[in-house]
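Working notes for the structure below.
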């Protein structure tokens, strides 16, 4: 029994002997999630919903069954995961801990709306649309996205500051246009919250044009705000650009450090090669980049000095 | 008395023994400012303003009282601030200096409109909205925002040049579309200032669409201007991106230098650790980054050479 | 015969003695492609199509003849190309391989629609417009564009992740606005696919304004989505900015390495100078940059040490 | 006479003893240009043009007189400019050379429309608006703008490639939407050139919304194009961001090199300090940055090694 549980855990993590099978399972689940999302989107078209009523229901039942089995298996086998085996507590506690982890919560959300629909029957459409949250299940499978989210987290304080500047400018823009235009266009700029719709569309350079100032003074003020909008867009873009550069630099150094540590005898054996290949994938570096780093480290051993920053030889 | 004044100053600066209390006061004031901003925005909705007339008035009175007390206490205790105690001049001069400092002016602006409303009674709405400037009081509390503003200041000459290019392109675009379209759409492109509304919305890529060229030639010219708009948006964004990268590099070096200076004996004692932690917060560096910098400096002492650029070991 | 074939191959590659003639042929073909594109675009204007019917037909016949001859010559002579002569297989296999290479397919697509029009006669307009794909023939001639596309390829996994985030936000935005507004504006937000039109225009900051939320809740939700749009735009821009910086660094190092290898005797002879000049063009570096790199490498020979990162002298 | 001419040349260049006076003249001319631009813009408002007819005429006459005198003085004194005195040719040739230099042409364009208005009298309005080109005279005075334009020039081949990609996407987008929508909206997508107006507004994310696809297929295609628009905007922005970073790095190295060359005896005398200060302004570096560079170079002399890249001490 415990052996089966261990195997299931390895299976889901795609480690050890189950690497290949785990990969196929991943591809199957990703496809199923995508088919589900497309189906739910199409189901919102009334004509399609009526015509293919049974097909949609069938797909839903099959999907929810599979996702439920996946969820139950994950909860059952979670106690065998590497990060949990080292913890000193009962299996129940481990399971509770796992159930409240973000990825497990997303898995639960993916099946909950349909389960609820069996018991509650009010406002069906609302619950149906909530099934779209299933799309978050994909997060588990994209490494590049996790790296992107890392960038957001690293820059969170700067992005918060950018957001705060945005909020201040938004409030001042709304209150300015409200003062200038609320007498002429009371239906559009009748209050500051109403004026925020225009300010928001302008400051993000979306510019719907359904609400625009019409007085000369309003247009002059509006022109100033469009100018500010360029700054508002430039701040987060600039922050992310600088953050992505930084991340790339850090990851290159991390890989280089790892190569360095693993090269005590000046050679790479198969285990180390596999480890470095895994690390390379995890860090999202190109093969060319990785080879260069390894070459640099190898030759620094054999007394040909290469610069560690840029990979050039140093005589 | 002087002792009390000193304590008040320490209190507001959040230094020494009052660190924790100062922090709570900060949180309280930030919340109060935010509640105020939301209230003023909602008060502009006529139905809400009439329904909750007394609640809004009460909140306003309480807020202004608190802000006034804060302002008076700050002005009273400012003579004990570190930057003022070293100045050789009378307390009055110090206070005058403080009153005209940007942060104190913002504090004054936050209470002035309400105080004025007690004396003047014309155009109340205008004064009411001005209370929104209270939002600037938040500047005092956000370090990341001060760092962002630093970037703007560092790039001010380049941003001015970008602004100048923008102004030249704006004038030429307005005058071009005016020449082409003022006969066909005299209500929209009747003069160059009127044409600027279109040019502004186009060059910032806002694109309201309330005013658009209709002749083939006008659309051809308009197409060229939309192309230029991409450049207009790219310039400030590129400048800020490059400036943020630069700032990050500078701050990393500043921290590294500070660690270097404080490590004469190859060890970090508690005082130094606190100083470095404070500096880390002030520079907005991540803990991971700071630890790396300290490790690098420590090992450079103990003859393991690390590269000073990137933190890699160099054998 | 084989000799003629070899010459034709050299001719198209613009190598050896045919460098100059090859250049003129390139300029001629580029001009012809551009004239074609302009003609096809203008031909879609009905009045022009009728007035200059014969001129358009004549241009088309001449162009297709030239492109067909070019295509046949390329296929005939491809077996003499450097990359194919080293392969051990029959000429037929080489030709098949060449015909299915991307650039050869583009050449075929450029002549196919007109050839088809001689045989099939249904929906002529559709085929006519397809001739516009001729514009892709220009890819062959622009090195800077190939470098740009390289950046896209290097960042493909990150861009895919950005695209995935965009897709998730798009689905959630569409489904949110559908829930809020589909009762009030059934013609505009009647289904999730319909709501996607608004979500798409908003998230990319295009903001047509033909479809906008009208309820307060819808506008509040729409405001949140416009905020997210800034992030959506910032991610790919930031990725590309960081990638372009990276490419520049890599190319500078590649050139520097090449100079290093070619300077064994501390001097540059004519052959090496030509090789480096070619490499410089291929890498898109400025002359100034290249000269600096050569100077640095030369002086590192003569015991004046220059830093390999930035080119400064180090005493 | 020659002495007077020499003085005039020094005067305009703002060198030597006339530095201060030259600065005041610059400020005066800049103000005059700006007043002119504002006046010409306002003159296009018919009511203002009629009301202040005489004032506008007076300003115009005074301005053109001053600009004419400036132009004549510059042409007269140009033979004494540093870059011309070294040339071995007659004064006439030098003057012709100067007259056709970009800055001199701009000066001529600034006075030409008014001069022409004395002789020709047809379409006055057209000539009047052309006086706005006077705004280019400001280019002479902004160093930061010249640095910005330098970035554009350095990236010209990449920007051309970006522009080429844009053109290809534009053509394909226009022809796609033309095929899909020209039957349903013949007035808006009746020909490919007409469809370009929509494609242009969409690809630059301006998004006027006066022309939008209405069929489901058209909206699907339009959605794809809005997605591509993010890439179109990202390319030039990314290129400029990377280019600005590069420029900053280059300028920092140039300054550092200059400091290095001027520090043979380990000290900075007044002449050198002035030279470095001038260079610092020309390169647009901050004072802080310059001081750091000087400190680094000074200490590298006195055996305290600082890293030349980042300014950190290296023990």
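For the stretch D:224-269, the tally of residues that are over 30 Å from residue D:146 (Cβ atoms) and outside any helix (DSSP H, G or I) stands at 4. When residue C:246 is tested against (1) surrounded by fewer than 21 Cβ atoms within 10 Å (Cβ to Cβ); (2) within 32 Å of the chain's Cα centre (by Cα); (3) more than 9 Å from chain A (Cβ to nearest Cβ), only condition (3) is not met. Could you say whether any residue in the stretch B:272-284 is at the interface with another protein chain (Cβ under 10 Å from one of its Cβ atoms), assigned to a loop (DSSP other than H, G, I, E, B) and in contact (Cβ under 8 Å) with a residue 24 or more places away in the chain? The answer is yes; a qualifying residue exists.
Restricting the search to helices (runs of 4 or more DSSP H) fully inside the stretch B:55-144 and requiring at least 2 residues that are within 28 Å of residue A:179 (Cα to Cα) and free of Cβ contacts under 8 Å to residues at least 40 places away in the same chain gives B:102-119, B:124-130.
Of the residues making up the stretch B:124-138, those that are buried (at least 17 other Cβ atoms within 10 Å of the Cβ), within 7 Å of chain A (Cβ to nearest Cβ) and either closer than 14 Å to residue B:57 by Cα or more than 13 Å from the chain's Cα centre (by Cα) (or both) are B:129, B:132. Please count how many residues of the stretch B:177-191 are assigned to a helix (DSSP H, G or I) and more than 16 Å from residue D:49 (Cβ to Cβ). Summing the residues that are assigned to a helix (DSSP H, G or I) and more than 16 Å from residue D:49 (Cβ to Cβ) in the stretch B:177-191 gives 3. Considering only residues that are surrounded by 15 or more Cβ atoms within 10 Å (Cβ to Cβ) and in a helix (DSSP H, G or I), which ones fall in the stretch A:35-48? Matches in the stretch A:35-48: A:36, A:37, A:39, A:40, A:41, A:42, A:43, A:48. Within the option set D:144, D:167, being within 11 Å of another protein chain (Cβ to nearest Cβ), within 30 Å of residue C:283 (Cα to Cα) and modelled with pLDDT of 85 or more holds for one residue only, D:167.
When the residues of the stretch D:20-33 are narrowed to those that are without any contact (Cβ under 8 Å) to a residue 60 or more places away in the chain and surrounded by 14 or more Cβ atoms within 10 Å (Cβ to Cβ), which ends up nearest to residue B:171 (Cα to Cα)? Show your work before the answer.
Filtering the stretch D:20-33 for residues without any contact (Cβ under 8 Å) to a residue 60 or more places away in the chain gives D:20-25, D:27-28, D:31-32.
Then drop every residue that is not surrounded by 14 or more Cβ atoms within 10 Å (Cβ to Cβ), which leaves D:22, D:25, D:32.
On the way: D:22: 28, D:25: 25, D:32: 17 Å.
By that ranking, first place goes to D:32.
Assess whether residue D:194 counts as being in a helix (DSSP H, G or I) and either surrounded by 18 or more Cβ atoms within 10 Å (Cβ to Cβ) or under 18 Å from the mean Cα position of the chain (by Cα) (or both). Answer is yes for this residue.
Residues checked against (1) farther than 30 Å from residue B:129 by Cα; (2) crowded, with 22+ Cβ neighbours inside 10 Å:
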site: A:140; (1), (2): yes, no
site: A:147; (1), (2): yes, no
site: A:150; (1), (2): yes, no
site: A:156; (1), (2): yes, no
site: A:160; (1), (2): no, no
site: A:165; (1), (2): no, no
site: A:169; (1), (2): no, no
site: A:173; (1), (2): no, yes
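Taking the numbered list (1) at pLDDT below 90; (2) surrounded by 18 or more Cβ atoms within 10 Å (Cβ to Cβ); (3) closer than 21 Å to residue D:42 by Cα in turn, residue D:57 passes all entries but (2).
How many residues are in a helix (DSSP H, G or I), surrounded by fewer than 24 Cβ atoms within 10 Å (Cβ to Cβ) and more than 9 Å from chain D (Cβ to nearest Cβ) when one looks only at the stretch B:198-223? Lay out the reasoning, then the answer.
We begin by selecting, within the stretch B:198-223, every residue in a helix (DSSP H, G or I); these are B:198-203, B:216-223.
Then keep just the ones that are surrounded by fewer than 24 Cβ atoms within 10 Å (Cβ to Cβ); that gives B:200, B:216-221, B:223.
So of that shortlist, the ones also more than 9 Å from chain D (Cβ to nearest Cβ) come out as B:200, B:217-218, B:221.
Residues in the stretch B:198-223 being in a helix (DSSP H, G or I), surrounded by fewer than 24 Cβ atoms within 10 Å (Cβ to Cβ) and more than 9 Å from chain D (Cβ to nearest Cβ): 4 in total.
Right, residue A:172: within 11 Å of chain B (Cβ to nearest Cβ) and assigned to a helix (DSSP H, G or I) or not? It would help to see each step written out before you state the result.
Values: within 11 Å of chain B (Cβ to nearest Cβ): yes; assigned to a helix (DSSP H, G or I): yes.
Yes; evaluated as a whole, the condition is true for this residue.
The values are calculated or read from the model by the stated rules, or taken from the named source; none is laboratory data. These numbers were taken from a predicted model, which means no experiment stands behind them. So basically every Cβ, Gly included, is an ideal-geometry build from the backbone, and we count neighbours across all protein chains shown.
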